[in-house]
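In what follows, a single structure is set out as structure tokens and then discussed.
The values are calculated or read from the model by the stated rules, or taken from the named source; none is laboratory data. Please read these numbers as outputs of a predicted model, since none were measured by experiment. Here Cβ is always computed from backbone atoms with ideal geometry, including for glycine, and neighbour counts include all displayed protein chains.
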Amino acid sequence: MRLVIVSGPPSSGKTAVILKTISALQSSNLKIGAVKFDCLKTDDDKLYKEAGIPVKKGISGGLCPDHYFVSNIEEVLQWGKKENFDILISESAGLCNRCSPYIKDIIAICVIDNLSGISTPAKIGPMLRSADIVAITKGDIVSQAEREVFASRVQSVNPMAAILNINGLTGQGAYELSTLIKADKTELDTLLGKELRFAMPSALCSYCLGETRIGEEYQMGNVRKINLEKQND
């Protein structure tokens, strides 16, 4: 079975892009499954079910959704193999810009939208910078010039990625994305021993463990303080 990992900022159109791409993949008689990771609540699994796509969802709750994903993706992979999927697509939560949900040798797709602002690509870390494919959405809402500038900004932070413009409503561009997914022939039996492309955001502090009080006397573990003295006025 092949695994595809899709991530992106909140409300960038990940689910819509995945649904249109799955539709294109199914035309090649491929059996597709999906898993949706989210933080507090999601109804996206219902959209997959309505489209006839087998789906599982995981809610991280108080945990970092990125860490939750990595802690559970092997079990999800084994579920996909049990269901005899040809391709399993993992959709992350709408993650913070520092997150890093990709695994070496597993195709990685970042979905980002034109409405996020032209400076956004430079603010996004490994989630964008280490993706194999960048799908840019909501291009129908902005001008051609704005689309070109935004794509150029994306290319500047990830010059190795294939960049596609996809309309999550009409599906325009989804077929092209499906061909890139089909071109990847990496099949998996397990993810055990595989490595992340980039280290996760790290913290183990008193707030991670449930502390709610503010003040240095309550702060323990991996704590970073802002240096106000060295900053210019």
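Any residue in the stretch 62-77 that is more than 25 Å from residue 190 (Cα to Cα) and surrounded by 16 or more Cβ atoms within 10 Å (Cβ to Cβ)?
no
Would a scan of the stretch 189-210 turn up a residue that is farther than 22 Å from residue 71 by Cα, loosely packed, with under 12 Cβ neighbours inside 10 Å and of a type outside the set (Ser, Thr, Tyr)?
Looking through the stretch 189-210, none of the residues is farther than 22 Å from residue 71 by Cα, loosely packed, with under 12 Cβ neighbours inside 10 Å and of a type outside the set (Ser, Thr, Tyr).
Evaluate the following for residue 43: is it of a type in the set (Asp, Glu) and in contact (Cβ under 8 Å) with a residue 12 or more places away in the chain?
Answer is no for this residue.
Table: residues versus (1) crowded, with 24+ Cβ neighbours inside 10 Å; (2) in a loop (DSSP other than H, G, I, E, B); (3) at positive phi.
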position	(1), (2), (3)
16	no, no, no
24	no, no, no
30	no, yes, no
35	yes, no, no
41	no, yes, no
48	yes, no, no
53	no, yes, no
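Can you tell me how many residues in the stretch 85-104 are in contact with a Lys or Arg (Cβ under 7 Å, 6 or more places away or on another chain) and either modelled with pLDDT of 90 or more or under 21 Å from residue 20 (Cβ atoms) (or both)?
Final tally of qualifying residues: 7.
Being touching a strand residue (DSSP E or B) at 6+ places or on another chain (Cβ under 7 Å), surrounded by 10 or more Cβ atoms within 10 Å (Cβ to Cβ) and either assigned to a helix (DSSP H, G or I) or of a type outside the set (Ser, Thr, Tyr) (or both): is that true of residue 153 here?
The answer is no for residue 153.
Looking at (1) buried (at least 19 other Cβ atoms within 10 Å of the Cβ); (2) out of contact with any Ser or Thr (no Cβ under 7 Å at 6 or more places or on another chain); (3) assigned to a loop (DSSP other than H, G, I, E, B), find the lone condition where residue 101 falls short.
The single condition residue 101 does not satisfy is (2).
If a residue must be in contact with a helix residue (DSSP H, G or I) (Cβ under 8 Å, 6 or more places away or on another chain) and closer than 14 Å to residue 166 by Cα, how many such residues does the stretch 135-149 contain?
Going through the stretch 135-149 one residue at a time, the tally reaches 8.
Exactly one of (1) at pLDDT below 95; (2) closer than 28 Å to residue 26 by Cβ; (3) hydrophobic (A, V, I, L, M, F, W, C) is unmet by residue 145. Its number?
Here residue 145 meets the rest and fails (2).
Would you confirm whether or not the stretch 173-189 contains a residue that is under 20 Å from residue 13 (Cα atoms), outside any helix (DSSP H, G or I) and in contact (Cβ under 8 Å) with a residue 24 or more places away in the chain?
Taking every residue of the stretch 173-189 in turn, at least one turns out to be under 20 Å from residue 13 (Cα atoms), outside any helix (DSSP H, G or I) and in contact (Cβ under 8 Å) with a residue 24 or more places away in the chain.
When you go through (1) closer than 30 Å to residue 205 by Cα; (2) out of contact with any Asp or Glu (no Cβ under 7 Å at 6 or more places or on another chain); (3) not in a loop (DSSP other than H, G, I, E, B) one by one for residue 89, which number turns out not to apply?
Only one criterion is unmet by residue 89, namely (1).
So for the stretch 72-89 (the condition being touching a residue at least 40 places away in the same chain (Cβ under 8 Å) and within 24 Å of residue 139 (Cβ to Cβ)), does at least one residue qualify?
yes
Identify the single condition in (1) in contact with a Cys (Cβ under 8 Å, 6 or more places away or on another chain); (2) modelled with pLDDT of 95 or more that residue 109 does not satisfy, given that it satisfies every other one.
Failed condition: (1).
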